[in-house]
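Notes follow the structure.
The values are calculated or read from the model by the stated rules, or taken from the named source; none is laboratory data. Computed from a predicted model, the values in this text were never measured in an experiment. Cβ placement follows ideal geometry from the backbone for every residue including glycine, while neighbour counts extend to all protein chains displayed. Heads up: the accessible areas ignore ligands, DNA and RNA and are worked out on the full protein's heavy atoms, side chains in. Shrake-Rupley method; radii C 1.70, N 1.55, O 1.52, S 1.80 Å.
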Amino acid sequence: PSPRSCQPNGINEEALRYEIEELKQKDLALDQEIAQLLSEGYSLEELEKHISLLHEYNDIKDAGQMLLGKLAVIRGVTTKQLYPEYDLELSD
């Protein structure tokens, strides 16, 4: 089979090259951002810990939002209406 017939959904070589180039640019930008943070005195371990804590925070926040949503359905109100009851800000 020709290389083109092996490509999923008819994606052409040019589109793949473009996507590869975009990923290379993102990789370079991230490397530059890491270098900047390191030059500001941050360590890789500190950055990794911070990222890990952000993921944990987002998971907990998602679980809280899910619970608020279920409670709102049970009570027949909107999630927004529950925020004051639990001293939450809409930006939370």
Count the lysine pairs in the chain whose Cα atoms sit under 20 Å apart, keeping only pairs 8 or more residues apart in sequence or on different chains.
-> 4
Computed about the Cα centre, the charge dipole of region 43-91 from +1 Lys/Arg and -1 Asp/Glu charges at the Cβ has a magnitude in debye, to the nearest 20, of 440 debye
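Given R₀ = 30 Å, what would the calculated FRET efficiency be for LEU44 paired with ILE74, taking r from the Cβ atoms and rounding to 0.05? It would help to have the intermediate numbers written out before the result.
Numbers: r = 45 Å, r/R0 = 1.51.
After rounding, the FRET efficiency stands at 0.10.
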Alpha-carbon spread of region 43-91, three principal axes, descending order, Å | 48, 17, 11
Measure nothing fancy, just the Cα-based angle from helix 13-39's long axis to the longest principal axis of the chain, in degrees from 0 to 90, nearest 10.
-> 60 degrees
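On the accessible surface of region 43-91, probed at 1.4 Å, how many percent belong to carbon and sulfur atoms? Walk me through the numbers before you get to the answer.
Working: 2490 of 4130 Å².
The computed percentage sits at 60.
Where does each of LEU44, LEU68 land when they are ordered by accessible area, with a 1.4 Å probe and the largest first? Write down the numbers at each step before the final one.
On the way: LEU44 85, LEU68 20 Å².
Putting LEU44, LEU68 in descending order of accessible area: LEU44, LEU68.
To one decimal place, what orientation-averaged projected area in nm² is obtained for the convex hull of the Cα set of the chain? Working shown, then result.
Details: hull surface 46.1 nm².
Mean orientational projected area (the chain, Cα hull): 11.5 nm².
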Those GluC sites (Glu not before Pro) from region 42-92 that are DSSP loop and have at most 11 other Cβ neighbours within 10 Å turn out to be GLU89
Work out how much length LYS61 to LEU37 would gain on full extension: take 0.36 nm times their residue separation and subtract the Cα-Cα distance, in nm to one decimal.
-> 6.0 nm
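Taking a probe of 1.4 Å, how large is the accessible area per residue of the chain, in Å²?
Details: 8030 Å² over 92 residues.
Per residue, the chain has 87 Å² of solvent-accessible surface.
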Putting +1 on Lys and Arg Cβ atoms and -1 on Asp and Glu Cβ atoms, find which of LEU30, GLY41, LEU54 reaches farthest to the positive end of the dipole of region 29-77.
-> LEU54
In degrees between 0 and 90, to the nearest 10, how far off the longest principal axis of the chain does helix 44-75 point, with axes built from Cα atoms?
-> 50 degrees
Any idea what the dipole of the chain comes to, in debye rounded to 20, about its Cα centre with Lys/Arg Cβ at +1 and Asp/Glu Cβ at -1?
-> 580 debye
